[in-house]
Amino acid sequence: MDDIPAISYRSARFLQSAPSLKQCPDDIGAEVAFAGRSNAGKSSAINRLTDNKKLCRTSKTPGRTQLINFFSLSETQRLVDLPGYGFAKVPPEVKKKWERHLEQYLAERRCLRGLVLMMDIRHPLQTFDLTMIQWAANCDMPVRVLLTKADKFSNGQAKTALLKVRKDLQTYGALVQTQLFSALKGTGLDDLKEQLDIWLDATESDEEGAE
């Protein structure tokens, strides 16, 4: 991994929002998507990663959560904030529409290198979490599960929760990896960056795009 250049996540800036796959930026380069229930700490995790508390604002209006938000790191590297789920007060048909767009994005977005899925360590593996993992697995998309808010547990409790989730997801093999994370204390931040650096490696992206 020493030959993979570290990425400056502080350089992240808002690029655009898209309601569906058709409105997304050009399908080139490399991007990593972040997903999670609306109370899983997704915005906090992205803001901690980029060292920018204002990059992802927590919105109280359901309309904003319908959009796929893109943040550029360079001309060929992006972070993607996917719609949050769980507590948005919208009609069932709207939620189904969101799900179709998300599934289409995961299945058809060629520049997507990996999915970071956030789960509150106190309430992991909810229905939405398992659905996202299965969608990703169907597309052979690697997943990095972040058990967020790890600071809410003691070290022993956190490790126990981590081992249990890993055991529950072992059927997916190396495709799904799980780690502890705390946006408040920075727990797991270096491990996350190391994985993102690999997924967003510009050299690998350029080679694949040239095939």
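The values are calculated or read from the model by the stated rules, or taken from the named source; none is laboratory data. Only a predicted model underlies this, so the values are computations on that prediction, with no experimental measurement involved. When we count neighbours, we look across all protein chains shown, and the Cβ atoms used for this are built from the backbone with ideal geometry, even at glycine.
Condition first: at pLDDT 95 or above, of a type in the set (Val, Ile, Thr) and surrounded by fewer than 15 Cβ atoms within 10 Å (Cβ to Cβ). Can you find one or more residues in region 38-55 that meet it?
Within region 38-55, not a single residue is at pLDDT 95 or above, of a type in the set (Val, Ile, Thr) and surrounded by fewer than 15 Cβ atoms within 10 Å (Cβ to Cβ).
List pairs: first residue in region 30-42 and assigned to a loop (DSSP other than H, G, I, E, B), second residue of a type in the set (Ser, Thr, Tyr) anywhere in the structure, Cβ distance under 8 angstrom, at least six positions apart or on different chains.
Between residues of region 30-42 that are assigned to a loop (DSSP other than H, G, I, E, B) and residues that are of a type in the set (Ser, Thr, Tyr), the close pairs are SER38/THR65; SER38/TYR85; ALA40/THR148; GLY41/THR148.
Within region 11-29, count every residue that is more than 19 Å from GLU103 (Cα to Cα) and either at pLDDT below 95 or outside any loop (DSSP other than H, G, I, E, B) (or both).
Within region 11-29, residues that are more than 19 Å from GLU103 (Cα to Cα) and either at pLDDT below 95 or outside any loop (DSSP other than H, G, I, E, B) (or both) number 5.
Failed condition for ARG110, given (1) in contact with a strand residue (DSSP E or B) (Cβ under 8 Å, 6 or more places away or on another chain); (2) within 20 Å of LEU200 (Cβ to Cβ), with all others met?
Failed condition: (1).
Kindly list, by first and then second residue, each pair from a residue in region 130-158 that is more than 30 Å from ARG100 (Cβ to Cβ) to a residue that is of a type in the set (Lys, Arg) and part of a loop (DSSP other than H, G, I, E, B), limited to pairs with Cβ atoms under 6 Å and residues at least 6 apart or on different chains.
ASP151/LYS185
Only residues that are surrounded by 14 or more Cβ atoms within 10 Å (Cβ to Cβ) and out of contact with any Leu (no Cβ under 9 Å at 6 or more places or on another chain): list them for region 95-106, please.
LYS95, LYS97, TRP98, GLU99, GLU103
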